[in-house]
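The values are calculated or read from the model by the stated rules, or taken from the named source; none is laboratory data. What you see is a predicted model; the values in this text were computed from it and never measured. Here Cβ is always computed from backbone atoms with ideal geometry, including for glycine, and neighbour counts include all displayed protein chains. The accessibility values were calculated without ligands, DNA or RNA, using every heavy atom of the protein model including side chains. Shrake-Rupley method; radii C 1.70, N 1.55, O 1.52, S 1.80 Å.
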Amino acid sequence: MAAVAAGGLVGKGRDISLAALQRHDPYINRIVDVASQVALYSFGHRANEWEKTDVEGTLFVYTRSASPKHGFTIMNRLSMENRTEPITKDLDFQLQDPFLLYRNARCEFLNTLGSFTSEVWPNV
């Protein structure tokens, strides 16, 4: 994968990643933040505990030229199934470093194993 600096991807790495994201969603116009390694967990109601899913990889937070205006994608290293989530008023999230907890219909959270710029989320 491309080089990652303290503020995220730099130079050609950012361009390559943006192009890869745009193949999945042509409305993505800018990468806002990157976490180099995340793992997605889902709350298992039967076991009443967090369970690791098969989604793990680089997290990209981005802006879009169409509605919804923001979103994030995990480029999955474990399979061809990436996880994309639009950021809307219905998405409830909370940053508790190193975790980004968010609630959607699947009740999931991210464990960010790489650096992550927490200042981005209040602006999204």
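For the range 38-66, how many residues meet the condition of being under 24 Å from Arg14 (Cβ atoms) and out of contact with any strand residue (DSSP E or B) (no Cβ under 6 Å at 6 or more places or on another chain)?
Narrowing the range 38-66 to residues under 24 Å from Arg14 (Cβ atoms): 38-40, 55-66.
Filter once more, so that each one left must be out of contact with any strand residue (DSSP E or B) (no Cβ under 6 Å at 6 or more places or on another chain): 66.
Of the residues in that region, 1 qualify.
Within the range 16-45, which residues are outside any helix (DSSP H, G or I) and open to solvent by less than 20 Å² (accessible area, probe 1.4 Å)? I'd like the intermediate steps shown before the answer.
Going residue by residue through the range 16-45, those that are outside any helix (DSSP H, G or I) are 25-45.
Those that are outside any helix (DSSP H, G or I) and open to solvent by less than 20 Å² (accessible area, probe 1.4 Å): Ile28, Ile31, Asp33, Val34, Ala35, Val38, Ala39, Leu40, Gly44.
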>> Restricting to the range 65-104, and then to whatever is in a loop (DSSP other than H, G, I, E, B) and of a type in the set (Lys, Arg), can you tell me which residue is least open to solvent (accessible area, probe 1.4 Å)?
In response: Lys69
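Within the range 46-53, does at least one residue satisfy the condition of being in contact with a Phe, Trp or Tyr (Cβ under 9 Å, 6 or more places away or on another chain), at pLDDT below 90 and open to solvent by less than 50 Å² (accessible area, probe 1.4 Å)? Write out each step before concluding.
To start, the set of residues in the range 46-53 that are in contact with a Phe, Trp or Tyr (Cβ under 9 Å, 6 or more places away or on another chain) comprises 49-53.
If we keep only those that are at pLDDT below 90 as well, we get 49-53.
Okay, now just the ones that are also open to solvent by less than 50 Å² (accessible area, probe 1.4 Å), so 53.
Yes, there is a match, as at least one residue in the range 46-53 is in contact with a Phe, Trp or Tyr (Cβ under 9 Å, 6 or more places away or on another chain), at pLDDT below 90 and open to solvent by less than 50 Å² (accessible area, probe 1.4 Å).
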> Take the residues of the range 54-64 that are crowded, with 19+ Cβ neighbours inside 10 Å and either among the hydroxyl-bearing types (Ser, Thr, Tyr) or in a loop (DSSP other than H, G, I, E, B) (or both): which is nearest to the chain's Cα centre (by Cα)?
Replying inline: Thr58
